[in-house]
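In what follows, a single structure is set out as structure tokens and then discussed.
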Amino acid sequence: MSQLLLPSLEIQGFRGFQHLRIEHLERVNLIVGKNSVGKTSLLEALWLYASNWNQYVERDILRKRNEERQAPYDPKQLDYSNSVRHLFFNRPAAASNGQPAIVIGPIGSPMRFTPGTEPEGGGYHDHVIITVGGLLPHQVEQAWDAIALTDRQDYLLTALRIIRPDIVDLNMISSQALGGNYVGRRVPFVRVKGSNAPVPLRSLGEGLARLFILSLALANADNGLLLVDEIESGLHYSIQPDMWRLMFTMAQELNIQVFATTHSWDCIEGFQIVVATSGAGNDGLLVRLEQHGENITATLFDQRRLSIATNELIEIR
């Protein structure tokens, strides 16, 4: 088994994390906790780490939370100092205590730089992040083109057959070519057994569309990270174990480290079933974030502790 990209994690002074340390991580990590405890913030920290604090990623994160501020002298320009402060613990005022610094990288050999610049050197890690809303149409097209006509395309059919075993083929087709309204845009179509006419994937339900996005993202995250917010979104409880089984298989075969969040007990139970029964016990970890005053701490549930918690119906969300 290949070495994990992130065997542990430490976050200090980012968002609501005064100092969070997770002593060890696994190949597939499920993040749980109450609202506003920092689950999405943890994914954002991982996204910035994987991108080597790319400024486009930074701005995307700020934009998604409505934290961008326009410069008072030019509404077309970003007021950077008053925007980026939202990424720091307690949102320090732009002029307080001088210019804040960002430290990112492996413990023992991090890079230090100031906001508004990017670190020189360092490593960019392949990664895919899926927000609650999924991927944008152009991201779906790019991700499909990266795996089309490769063995990785087979993973997508396997995923879709979790819900519809009668699906025999899948492709990205211009909807205009089939009488649709989206000029120039390609969307996923499938062909089902007994029919020669392709049908839009979305017409078969939200669950299939979600499995398509998850498997497409995994197929593009080889040797990197997959970050998924609210992974259970759109999926019926009955297919959660099969979804996790696919997730573990692809993560192992493509050398991916997965970080996903959830509020769902069904999702946790599905995760536990796969960890306990599929030989994935050493690859799965549940991380519970909890608020204690100004501190956020992480409690880790390995296979044994997770089995006890789910069997005894102990609340761990």
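Quick rundown of the values:
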item	result
3J(HN,Hα) from dihedral phi, segment 154-162, Karplus parametrisation 6.51/-1.76/1.60, rounded to Hz, x for glycine, proline	5, 4, 5, 5, 4, 5, 5, 6, 4
Quotient of C-alpha Rg and 2.2 N^0.38 Å, computed over segment 1-67	1.18
Residues whose placed amide H lies under 5 Å from that of Val168, excluding near-sequence neighbours	Arg191, Val192, Lys193
Alpha-carbon Debye profile of segment 137-205, log10 I(q)/I(0) at 0.13, 0.24, 0.29 Å⁻¹	-0.36, -1.19, -1.40
For Leu42, Leu5, order by how many other beta-carbon atoms lie within 10 Å, fewest first	Leu5, Leu42
Built amide H within the under 5 Å cut-off of Ile130, gap 5+	Leu227, Val228, Asp229
Protection-proxy order for peptides 256-264, 32-40, each taking the mean of Cβ atoms within 10 Å per residue, highest first	256-264, 32-40
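Values quoted throughout were computed directly from the atomic coordinates according to the rules given, and no laboratory measurement underlies them. From a predicted model like this one, the values you see are computed outputs, not experimental measurements. Methodologically, a virtual Cβ is constructed for each residue, glycine included, from the backbone with ideal geometry; neighbour enumeration extends over all protein chains shown.
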